[in-house]
Amino acid sequence: MDIFGPMSASSFPNLTVLDHPLIQHKLSILRDKHTSTRDFKQLVGEIATLMAYEVTKDLPTESIQIETPLETMSGRQVSGKKLTLVPILRAGLGMVEGIAQLVPSARVGHIGLYRDHETLEPVDYYFKIPGSEVARDFFILDPMLATGGSAVAAVGALRAAGARRIRFLCLVAAPEGVHRMLEAHPDVPIFTAALDRELDSHGYILPGLGDAGDRLFGTRTPE
Ligand code: PRP
Ligand code: URA
């Protein structure tokens, strides 16, 4: 289903590909079908940590007075409201801890969505974000952006709850999904470790890494 032809990240104004060598190295191991469930889980977390470092680099900071053991000084701290991480269940859960290691004050909301195998459209079954949180920055987490149906629905649900500042973090994106997000939510930046070639006829990303949820939770052995 290569409806877009060869795509580069520069084709999409909403997309940033994080091509740090460590991210790319770990992603290659993640894609390998021989990688175990245990290693897969660890790598998803590690890549999420490395991505978070990049994705948070423009967070506003403010001055703060600190007393060192020797004197008082002016330092910096992240200003404004804290982050809320919103994994899309199930596979997004694998990215939470990796980011929380860098941002321990982050709250966590959850959006439950699965893709109908026939229509490939998302079916929602859960939505819970921390109360009075609409002024926060939201990072939606999901390793895979395929058709984009799940991402578009997740952003829509957060928006309906009042969220305004939303970023989408994934590990592997397909051009089809990035395009769909651009059409539906052009103001939501997408950060990915890779922009892959295309979707197959079942909506799987090629070359991709297979079914992220199954590989993360060991519910099916990858072929
Ligand atoms: C996967 C993945 C995304 C979605 C992406 O979840 O984790 O949520 O598919 O596909 P899309 O861009 O075409 O919507 P899945 O539906 O397999 O659910 P699971 O994580 O519960 O297995
Ligand atoms: N969901 C996955 O887990 N993998 C894909 O390739 C597409 C959707």
Among DSSP beta bridges whose residues both lie in the chain, state the antiparallel percentage, nearest 5.
40
Which ³J(HN,Hα) values, rounded to whole Hz and listed in residue order, are derived for the range 212-219 from phi using the Karplus coefficients 6.51, -1.76 and 1.60 in 6.51 cos²θ - 1.76 cosθ + 1.60 with θ = phi - 60°, glycine and proline given as x?
4, x, 5, 6, 6, 10, x, 7
Heavy-atom accessible area per residue - the range 151-197, 1.4 Å, Å²:
32
GNM on the chain, Cα springs under 10 Å; top mean-square fluctuation among Glu71, Glu198, Glu62 goes to Glu71
Provide Rg over Rh for the chain; use the alpha carbon set for both Rg and the Kirkwood Rh (inverse mean inverse pair distance).
0.99
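How many times 2.2 N^0.38 Å is the alpha carbon radius of gyration of the range 71-175?
Working: Rg = 15.3 Å, N = 105, 2.2 N^0.38 = 12.9 Å.
The range 71-175 yields a ratio of 1.18.
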I want to verify a result. In a Gaussian network model of the chain, Cα cutoff 10 Å, which of these has the top mean-square fluctuation: Gly213, Gly203, Gly162?
Gly162
Computed for the range 35-175: size of charge dipole around the Cα centre, +1 on C-beta of each Lys and Arg, -1 on C-beta of each Asp and Glu, debye to nearest 20, value 260
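With a 1.4 Å probe and all protein chains in place, put Asp19, Asp211, Asp32 in order of accessible area, largest first. Can you show the working numbers first?
On the way: Asp19 110, Asp211 45, Asp32 65 Å².
Most to least solvent-accessible, the answer reads Asp19, Asp32, Asp211.
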Tell me the carbon and sulfur percent of the accessible area for the chain, rounded to whole percent, probe radius 1.4 Å.
54
On a straight-distance basis, which aspartates and glutamates could pair with Lys33 in a cross-link, Cα separation under 13 angstrom, same-chain partners fewer than 8 positions away excluded?
Asp211, Asp214, Glu223
Both in Å, the radius of gyration and Dmax of the C-alpha trace of the range 1-131 are 19.0, 66
Equivalent ellipsoid dimensions for the range 38-114 as semi-axes, Å, which come from the Cα gyration tensor, largest first:
31, 14, 10
So for the pair Thr72, Glu183, with labels modelled 7 Å out along Cα→Cβ, what separation do we get in nm?
5.8
With a 10 Å radius around each residue's Cβ, average the other Cβ atoms per peptide and rank 100-111, 139-150, highest first.
139-150, 100-111
Out of Lys81, Lys33, Lys57, a Gaussian network model of the chain with alpha-carbon springs under 10 Å gives the largest mean-square fluctuation to Lys57
Kindly report the accessible area of the range 1-110 per residue (heavy atoms of protein chains, probe 1.4 Å, no ligands, DNA or RNA), in Å².
61
Report the full-extension gain for the segment Phe127 to Ser28: residue separation times 0.36 nm, less the Cα-Cα distance, to one decimal in nm.
32.4 nm
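Taking a cut-off of 18 Å, what percent of all Cα-Cα pairs in the range 117-164 are separated by more than that? Each step should come with its number before you reach the end.
Working: 376 of 1128 pairs.
In whole percent, the long-distance tail amounts to 33.
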Calculated [θ] (222 nm, deg cm²/dmol) that DSSP helices of n ≥ 4 give over the chain, each run adding -39,500 (n - 2.57)
-9500 deg cm²/dmol
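Can you check what the Kirkwood hydrodynamic radius comes to for the range 69-132, Cα pairs only, in Å to one decimal?
14.4
The values are calculated or read from the model by the stated rules, or taken from the named source; none is laboratory data. Computed from a predicted structure; not experimentally measured. Ideal geometry is used to build each Cβ from the backbone, glycine not excepted, and the neighbour counts take in all protein chains shown. With ligands, DNA and RNA removed, areas are computed over all heavy atoms of the protein, side chains included. Shrake-Rupley method; radii C 1.70, N 1.55, O 1.52, S 1.80 Å.
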